[in-house]
Structures are given as structure tokens and as C-alpha cells.
Amino acid sequence: MSEIPTALAELNEQEVARLVRERLDAGDDPMAILNDCRRGMDIVGERYKAGDYFLSELIVSGEIFKDSMKLIEPHLKTDANASATRVVLGTVKGDIHNIGKDIVAVLLKGAGFEVHDLGIDVKPATFVDKLKETGAPILGMSGLLTPSFDSMKETIEAVKEAGLRDKVKIVIGGGVVTELVLRHTGADAFTDDGLEGVEICRRFVQEVK
Amino acid sequence: MTPRERVWAAVRLEPYDRAPVIPIIGQFAARQAGMASLDRDSNRMSAVEALRKNFDDMGGYDGKIVAGVTWPISSWRANAPRGRRVLPGQDGVPDNFSVQYDEQVTMTVEDYDTIISKGWNAFCEEYFPRVSGLSLEQIEEYNRGLLDIYLEDAAYWKARGIEVIAGALVVSCEMTLSLARTFPQFTLDLHRMPDRVQAALEAMVPDFIENVLRDTKASGVPWVHISLERGSGAYYNLKTYERFFFPQLKKIVDAVTAKGVACWLHMDTDWTLNLPYLRELPRNMCVCDFDSITDIFKAKEILGGHMCIMGDVSPSLLSLGTVDEVNAYCNRLIDVVGRDGGFIMSSGCEVPLDAKFENVKAMIDSVKNRPYPVSA
């Protein structure tokens, strides 16, 4: 097995960068290198699920993954996301909290999803436009404040009005998002955990196949 | 019992006539009064009046989390700038949202070294003007204006027998740096330069203690609010907590409780993993206040008989739930967490501004209507 997954899982920033550069210089397939980085992220995820890693390790590993992508991407001959499932992601209208949403974006990329991150304070129409443009089958919405629940609901109504609801699976997330909020908004799933958000998206992929 | 006696009985784990209730009410009162927000800059007296009216509309409760509209005295040294402050109606944010912060990096890596060599307060005298664009004189003058309102309002509540439970504010050392560096960047700093971060955290403690003792003396309110969030097991492993975060908290709590200052530990996010450490803090002088994410029932098992537990009716329940659902949860809190006392009913963090009036009232009334169980 390549050393990259292990080094990434051990959060060894310098070693991962050295190994990625070394393999690129040696002419290795950049897609294979990228997949090794993704395997490292998978190990991080397994350790998180086992309770050995915490949010801080997800952040550090995400940073290493992003830095590795920067090294690898210029060498890719085809789009790394050519066959990836697209996810439209954003913090909903009125809410400017980005930390949780940003973590989920990196984790989704590490898991091989093509992420269209619309940022913060995203209006319902903007979500709908991006869903139409990308054909993404998954929408992820984040919010930390209770008024965000209505913004989520409003967005889901807009998705319905656009005739996309049966084509798009929707997950909502945030520190105070609960079953009550799921019922209020009409989303398909909820989570307060970034990695669980990735698992939900993987499950959605199976369901929409 | 008077409200004040009831609150102190809860803190000291002594019998009381019923559990006290101290909802964390700020923006909710403004909304009930038809104001867009409790803006500490433009409508201070209206905000104070809205809070007083809301207290009476709710039928009263036992403690106010703070007098005036914000924290007293040296709060500018105790709370790192959080980047850009966005008010409702500003930058396209709808009126029905509360004040938010667009977190930005306001502190450099080199600033760690300044904190290590000069301490926190000396660093602030250079840091706050740099970040805010205001002179020290302007910052002090602004703060004096807030203090005047604080003292007037604290006297008002004292005259009514209501306990004010924050005479000083401390944002935990790690959260202060995390706000100044941003959470992701501070996490990377801990990974890349652990010794430097640890030295900075340790260097902050003496000034934090000094600030608390000075502020509680000046306010006449022997309570400090210690804002904890970003050091919890929701974010960091216990090895990190043991090395970087808990030692600083313990030093501050030990020092100020020894001088008679009670500690209100405001513990947002999930602290379930960290609960056993809290038994190392002084008995009968701390309140652990949970925001609905920590397992408060586990907290009762671990901390019951050692420190008072406060919380944790969730914001979602107060906004979206029914009165019956609120009553059911509050009754469970009274019966389980409230058994044998040492419990304060409260909202999980701040009552959201879009909470239903009847739900908040149901939470407040719950302790008035239901006796707390006492073991034989």
C-alpha cells in the first residue's frame, strides 16, 4: 500500500506533501495519487467514527487534503470529478455561519463528491439555479440559528416549485438541527455531525441510483 | 425564599423551596417589544426597558444573566474581537435574524509571542486599537457608557431581590484565541506549533484572574460568566483538553472562587466527554450551564452533589415545539436533574428570538408548578 494514506491518516503534513511531490516527479498517475489521498481521508473518517479522532483531526486532515489537491490538480489530464456525484451546498438565507459548512465541503471532496459550495446567506433562488445548472441530485443546507429553519423550509418550497423535489435529496445540518426541524422543513435527513453528513450523502447516492 | 436565596441555595447544593429558573433572555425580549434587535450601541435604554417588561410579562423569574445590555467593565479585554459584526437588516441579512459575527483572522502567529512576553492585558492595549480602529481612550469611554447602564440596571434588579449572575466576563483562554485566529486556524496552530500556543494560553491566565477580581469588585456582583465552547470534546480529544485547556480553566476557577466569586460555566456544544474533569473544580461554587447538546442527565450522574447544573431546554423546542412538549421536557429535567436540588432551570444557551412566548413561559412556570423530588 502507498505510504500516502498512512501519512495522511497520521496527520503528517510535511510527509504527505513530500510523498505527493515525489510521486508526481516520478511520473505516477496523478489520479492514483489523488485516490491514495482519499483513502487517507477514509481512514481519518473511520477513526472519527471509532471515537479516536475528533473534529480537530477532521480539520487538520482536510487541510492536508486541500494542500495535496493543489499539488495534484495541475497534473490531472481529465477532470478529477468527471464521474463524481454533485452536491450543492450552502448556509441558508440570513445565516452567515460557515465553519460547519466548510468542514462538510472538504469532507465531501475527500470522499470523492463534486461540491458546489455557494457560501453563506444563500437565497432559495440561488440554490435552485445551481441545482438546475449542475443537475446535482443532492442539496445540503446548513444553519446555526433558529430563523434558519424557515430559510431551509423556504428553500425546499422553492425546490418543489421548480419541479426538482423528486430529483433532489436534501440534507440539513447545524448545531441545533433536530428531528423537530426535519419535520418543520420537509428535508430528507438531518445531522449535527459533518462526517455523518457525508455518510448521508453516500446513502443518497445509493437511493437515487 | 427570595429569588436570591433560592439561587444561592442551588449553587451551594442546599435545600430550597423549588428549583430556581434563570432563562437566558436577550434578543427574545427585543422581539417581543417589537424591536429589531437589542442593539447595545443605538438603543440601550430601550433594550433595558424591553428586558424589564419581558421579565414582568413572563411572570418573573429568579435571576438575570446580566444587568444592562452587555457585560460589565473590562469586557473588551475579556472578549476577543470576532471579526465583522452583522446586525439584522444589514448586508442583506433579514430582520428576523439575531446579531451574527463574520469570523475573521484578527490575530497573527507573531501575536502569540507578544502574549507570551507581555501578558494578555498589555497585548490588548496594542491589539484592540489595531483591530477596531479606535484609540484606547475611545474604547474606555465606550465601555464606561455600558458600565453606567450596567450599574443602574444591577441596582434595579437588586432592589427587586433578583440575583444578577454575571459581574464579570471571561471567555476561556482557548476560545479567546480561537475567536481571534478563527476556529480552523487555531486548530491548525495547535497542530503545527503546540508549545507556542500552550505558552500563550498559560501567559493569559494571571491577567484573566486579575480582570475577574477587579470587575466583580467594581460591579458588586460576585459572579463571573466563563464562556466555554471551543475546548469541548465536540472539537478536541481529551489529550489536548488535558494539556492545553483544562489547566487554565482550573487555575482561573480556583483563584476566583477562593476570593468568593461564583463561576457560571457557560458550556455550549457537547461536553459529555469532559464532565469528569469538572469534579476537580471547587465544590459548591460553580454552575455548569449546558445548551442542550451535552447529555445533561449524564452530567447529573457525574457532577450531582458536586456542583449545580443549569439548562438545557433546546432552542429548537422553544421555537418549534408545543407547550405540551416543553412541559414534558421540563418535567423530566425537574424529576431527574433536579432530584435533591442543585439545579437551575434554563434555556439551552440564549432563548432564540423567534421562540414562542407560550413556550418560554411554560419553561419558566414549570418549576413553579412542580415540586422537586428529594431522595429518602
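A short reminder: the numbers here are calculations on the coordinates, not readings from a lab. Just so it is clear, the structure is predicted and the values come from calculations on it, not from any experiment. Cβ sites come from the backbone with ideal geometry, for glycine too, and all protein chains shown count toward neighbours.
Can you run phi through the Karplus equation (6.51, -1.76, 1.60; θ = phi - 60°) for region B:119-128 and list ³J(HN,Hα) in whole Hz, with x for Gly and Pro?
Residue by residue, region B:119-128 yields x, 6, 4, 5, 4, 4, 5, 9, 6, 5 Hz.
Which residue, chosen from B:GLN138, B:CYS173, B:TYR127, occupies the Cα position most advanced towards the positive end of the dipole of region B:3-369, where the dipole is computed from +1 (Lys, Arg) and -1 (Asp, Glu) charges on Cβ about the Cα centre?
B:CYS173
What is the Cα centroid distance between region B:201-228 and region B:277-329, reported in whole angstrom?
24
Within the set of other residues whose C-beta is less than 11 Å from the C-beta of B:GLY338, count the net charge using Lys and Arg as +1 and Asp and Glu as -1.
+3
List the residues, sorted by chain then number, that are 5 or more residues from B:VAL164 or on another chain and whose placed amide H is less than 5 Å from its amide H.
B:LYS64
For region A:42-62 and region A:118-155, compute the distance between their C-alpha centroids and round to whole Å.
That distance is 27 Å.
Could you please state, rounded to a whole Å, how far the C-alpha centre of region B:113-145 is from the C-alpha centre of region A:84-116?
Result: 36 Å between the Cα centres.
With a Cα-only, solvent-free Debye model of chain B, what are the log10 I(q)/I(0) values at q = 0.08, 0.14 Å⁻¹?
The calculated log intensity ratios at q = 0.08, 0.14 Å⁻¹ are -0.38, -1.28.
Express the C-alpha Rg of the protein assembly as shown as a ratio against the empirical globular expectation 2.2 N^0.38 Å, rounded to two decimals. Working shown, then result.
On the way: Rg = 24.5 Å, N = 585, 2.2 N^0.38 = 24.8 Å.
In units of the globular-protein estimate, the protein assembly as shown measures up at 0.99.
Once you list every other residue whose beta carbon is under 13 Å from the beta carbon of B:LEU273, what net charge do they have if Lys and Arg are +1 and Asp and Glu are -1?
Neighbour charge sum, excluding B:LEU273 itself: -2.
Sorting B:GLU110, B:GLU229, A:GLU15, B:GLU141 on the 10 Å Cβ count, fewest up front, what's the list? Write out the running numbers ahead of the final one.
Details: B:GLU110 7, B:GLU229 21, A:GLU15 16, B:GLU141 11.
Taking fewest neighbouring Cβ atoms as first place, the list is B:GLU110, B:GLU141, A:GLU15, B:GLU229.
How big is the charge dipole of chain B about its Cα centre, in debye rounded to the nearest 20, if each Lys and Arg gets +1 on its Cβ and each Asp and Glu gets -1 on its Cβ?
For this selection, approximately 720 debye.
I'd like the antiparallel share, as a percent to the nearest 5, of DSSP beta bridges with both residues in region B:3-369.
10
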